[in-house]
Amino acid sequence: MASITLDKITKTYPNDVTAVNGVSLDIRDGEFMIFLGPSGCGKSTTLRMIAGLEAISSGDLLIGGRRVNEVDPADRDIAIVFQNYALYPHMTVARNLAFGLRLRHVEASEIQSRITRVAALLGIEPLLSRKPSQLSGGQRQRVALGRALVREPQAFLLDEPLSNLDATLRASMRTELIKLHNSLGTTIVHVTHDQVEAMTMGERICIMRDGDIVQVGAPMEVYRNPADTFVASFLATPPMNLLPGRIESDGDGLAAVVETCRLPIPAAYREAYASHAGKPVIVGLRPEDFQAVAVGGGRTAPVALHTITTEVLGPEVILVANFASPGGPEVHIRMPRDFRAKTGETVTLHFDLPEIQVFDPGTTRVLARPFLP
Amino acid sequence: MNRIAKKIVPHVILTVFSLVILMPLIWIVRVSLTDKLTAYKIPPEIGTLGLMNYVDIFQRYPFVSWFANSFIVATASTLVALPLATAMAYSFARLNTGGALLRLGVLASQMLPPIILVLPLFGVFLLVGLTQSRVALIIAHLTIALPFLSWMLVSFFEGDMARLEEAARVDGASRWQAFLFVAVPVAAPGILAAGLLGFILSWNEFLFVLVLSGPDTQTLPVGLASLETHAGVEIAPLAAATVVSLLPVFALLPFLRKHLIQGLSLGALK
Ligand SMILES: Nc1ncnc2c1ncn2[C@@H]1O[C@H](COP(=O)(O)OP(=O)(O)OP(=O)(O)O)[C@@H](O)[C@H]1O
Ligand SMILES: [Mg+2]
């Protein structure tokens, strides 16, 4: 087991594409870290540099405190599971699992017992004598995972290993991976596109964009305190509603004004937003922070919503509406499963004011405010 | 009715095509079993059939020597070419050795008329005293086999193969071990197909052998050609010799069918 430290790491490909741009990150020993970001943001490149498959253009990479920039992938004691699995097609499943151990001259009896153990763990015992071409996608995925597990490496790198699976299998493999991490306690870096994987699997999420790290933090921390509008609009579906508005004085306090709607700012945030009083801002409202009934003590504020449509999903209903006025910006609001509204109907909902986020329209960064639990 | 027609029509067409291809072969087999006079009769006459031509080629001509030379040269040049071509293809595909320029250059050498290559080769062999030797023929055939085989093999080491090797590298393999234990076995169908192609290229090669061989080192194509010049064309023994020289190719046919198609269709991964 080992920590992985990236210190101002940059990767410029020969075609002058800078895929990773001065990234610094501390992955703790035994941590389950998620890399999340849009396609092409440099997640795989970062993973490949950690594995040693891609040369590092500048910066330092430390594994377990040792600088490994020039260390051969074979000597980094790290296992990687590729998106397309990359199982050796000419070897049986058992040989696939044994390959890394044989190269390291592990004793035959030890290899056998490790394979037996891992095969039992992943439920692939009946497949051991098959070739990869005779396996289903889910089985291949488990074999690829098994090939990494038998090595008992210092860290696992997973590059979207679940993306080829159907929804059911993905859900169960997600749970398997979490259980595995709980029992092994090995450092895991998991790359994903998937919101649910990002929120549920990792101890921390590292959100990347255009070769930069935008924000690192525990899933709920990132979700409730997005660093900028990119993170706010990237995490969760439907994402945070980002509405153009202003901060205005409101008696002795402040209010966020969007269209004709005034949202009083909780007293605890006044100091944080005071510098933007009288200026345009972007107001961020999560779809799940609206409710049908007002809460006393000025905790909520009423909002008029002009229904465009409703999406009845089963466990919940997504209300798509114009905010505040019929020509107002479009918002998505998450309501309980029995909520209904007709197109054109005006619905008054109540926004939970402490959940408000305000962003600077120039820098797109959040105006940092105290975090309410 | 319609269904029967659907089955019959393709067979009729295929039979006609097969006959077009097979007729010369059938004609040669017939000629090999008759004498010179009957051979030219039009319309073809079967006459008395016999194996005298087959006996003839072994008694009156150094057929065994031709056959042995062909076999030795084809086998040796293929065995030498195959590992070299595999390594070349690998370095083209994975290390981009020499860039596109070298890759094209290698192939371009095969676009020159062979006669342009054979004369300098002859000069070199003369200098080092290798003319008329089998070694010279093997080296000459290598100059044909290497470009073709390496080009054929490049595609096997491109694409998904890189992922497999990366998996092996992370698993603890050195670059060399990844090549040997993963890349080569996975490309094996292609390498085998390339080997068969190399063997056939050498087996049928005429011009290089004509210029570079001596009386004791002639291979089948040149030996057979000599039957055409002595006293007119010795058509009947020539046919018999042709039939025998086709035998190894027929022997390779089952392998060819299985591996050439598999090897060329690149389905090895997935
Ligand atoms: N071998 C390469 N040569 C040149 N550019 C590359 C190479 N590999 C990746 N890139 C570029 O680097 C950038 C980052 O690529 P990378 O594969 O790391 O993205 P990613 O975040 O993994 O995306 P995805 O989610 O689609 O897998 C992209 O712009 C990509 O085009
Ligand atoms: Mg990727």
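Observations on the structure shown:
- In this structure, A:ALA86 qualifies as under 12 Å from A:ALA148 (Cβ atoms) and facing another protein chain (nearest Cβ under 10 Å).
- Residues of segment B:18-49 classified as free of Cβ contacts under 8 Å to residues at least 60 places away in the same chain and over 20 Å from B:LEU246 (Cβ atoms), total: 10
- Residue that is nearest to ligand 1 (Cβ to nearest atom) [pool: residues in segment A:1-59 that are assigned to a helix (DSSP H, G or I) and more than 14 Å from chain B (Cβ to nearest Cβ)]: A:LYS43
- Selection count where residues are more than 16 Å from ligand 1 (Cβ to nearest atom) and either in a loop (DSSP other than H, G, I, E, B) or not assigned by TED's automatic domain parsing to the domain that holds A:PRO132 (or both), scope segment A:60-93: 15
- Segment A:94-106, subset closer than 19 Å to B:PHE179 by Cα and assigned to a loop (DSSP other than H, G, I, E, B), residue nearest to the other protein chains (Cβ to nearest Cβ): A:ARG104
- Of residues in segment B:153-172 being hydrophobic (A, V, I, L, M, F, W, C) and touching a Pro at 6+ places or on another chain (Cβ under 9 Å), the one nearest to B:TYR90 (Cα to Cα): B:PHE156
- Those residues of segment A:34-45 which are in contact with a helix residue (DSSP H, G or I) (Cβ under 9 Å, 6 or more places away or on another chain) and either more than 14 Å from ligand 2 (Cβ to nearest atom) or among the hydrophobic types (A, V, I, L, M, F, W, C) (or both), in sequence order: A:ILE34, A:PHE35, A:LEU36
- Count - residues of segment A:159-195 that are more than 16 Å from ligand 1 (Cβ to nearest atom) and either part of a helix (DSSP H, G or I) or open to solvent by less than 50 Å² (accessible area, probe 1.4 Å) (or both): 23
- Of all residues in segment A:243-272, those being at pLDDT 90 or above, open to solvent by less than 60 Å² (accessible area, probe 1.4 Å) and in contact with a strand residue (DSSP E or B) (Cβ under 7 Å, 6 or more places away or on another chain) number 13.
- Which listed residue, of B:THR78, B:THR97, is hydroxyl-bearing (Ser, Thr, Tyr) and either open to solvent by 40 Å² or more (accessible area, probe 1.4 Å) or touching a Cys at 6+ places or on another chain (Cβ under 9 Å) (or both): B:THR97
- Taking strands (runs of 3 or more DSSP E) as the structural unit, those lying wholly within segment A:264-373 and holding at least 2 residues that are within 19 Å of A:GLY245 (Cβ to Cβ) and over 27 Å from the mean Cα position of the chain (by Cα) correspond to A:300-312, A:316-323, A:346-352.
- Residues satisfying the criterion are present in segment A:326-334 (criterion: at pLDDT 95 or above, surrounded by 14 or more Cβ atoms within 10 Å (Cβ to Cβ), under 17 Å from A:GLU259 (Cβ atoms) and touching a helix residue (DSSP H, G or I) at 6+ places or on another chain (Cβ under 7 Å)).
- Among helices (runs of 4 or more DSSP H) entirely within segment B:161-254, having at least 2 residues that are within 14 Å of chain A (Cβ to nearest Cβ) and not β-branched (Val, Ile, Thr) singles out B:175-178, B:188-204.
- Within the option set A:GLU54, A:GLU31, being within 14 Å of ligand 2 (Cβ to nearest atom) and among the acidic types (Asp, Glu) holds for one residue only, A:GLU54.
- Selection over segment A:1-28 of residues that are under 20 Å from A:VAL71 (Cβ atoms) and within 16 Å of ligand 2 (Cβ to nearest atom) gives a count of 3.
- Restricting segment A:107-130 to residues that are surrounded by 17 or more Cβ atoms within 10 Å (Cβ to Cβ) and part of a loop (DSSP other than H, G, I, E, B), the residue that is farthest from ligand 1 (Cβ to nearest atom): A:LEU128
- Qualifying residue in segment B:133-146 (condition: under 21 Å from B:GLN110 (Cα atoms) and not hydrophobic (A, V, I, L, M, F, W, C)): yes
- Restricting the first member to segment A:164-191 and to residues that are basic (Lys, Arg), and the second to residues that are assigned to a loop (DSSP other than H, G, I, E, B) and surrounded by 13 or more Cβ atoms within 10 Å (Cβ to Cβ), the beta-carbon pairs closer than 7 Å and six or more apart or on different chains are A:ARG170/A:LEU162; A:ARG174/A:LEU162.
- Segment B:132-160, residues that are within 12 Å of B:ALA187 (Cα to Cα) and either assigned to a helix (DSSP H, G or I) or open to solvent by less than 10 Å² (accessible area, probe 1.4 Å) (or both): B:MET152, B:LEU153, B:VAL154, B:SER155, B:PHE156, B:PHE157, B:ASP160
- Sole residue being at positive phi and out of contact with any helix residue (DSSP H, G or I) (no Cβ under 7 Å at 6 or more places or on another chain), chosen from A:GLU152, A:GLU176, A:GLU203: A:GLU152
The values are calculated or read from the model by the stated rules, or taken from the named source; none is laboratory data. Only a predicted model underlies this, so the values are computations on that prediction, with no experimental measurement involved. Cβ coordinates were reconstructed from backbone atoms using ideal geometry, including for glycine residues, and neighbour counts include every protein chain displayed. Quick note on the areas: whole protein, heavy atoms, side chains included, nothing else; ligands and nucleic acids left out. Shrake-Rupley method; radii C 1.70, N 1.55, O 1.52, S 1.80 Å.
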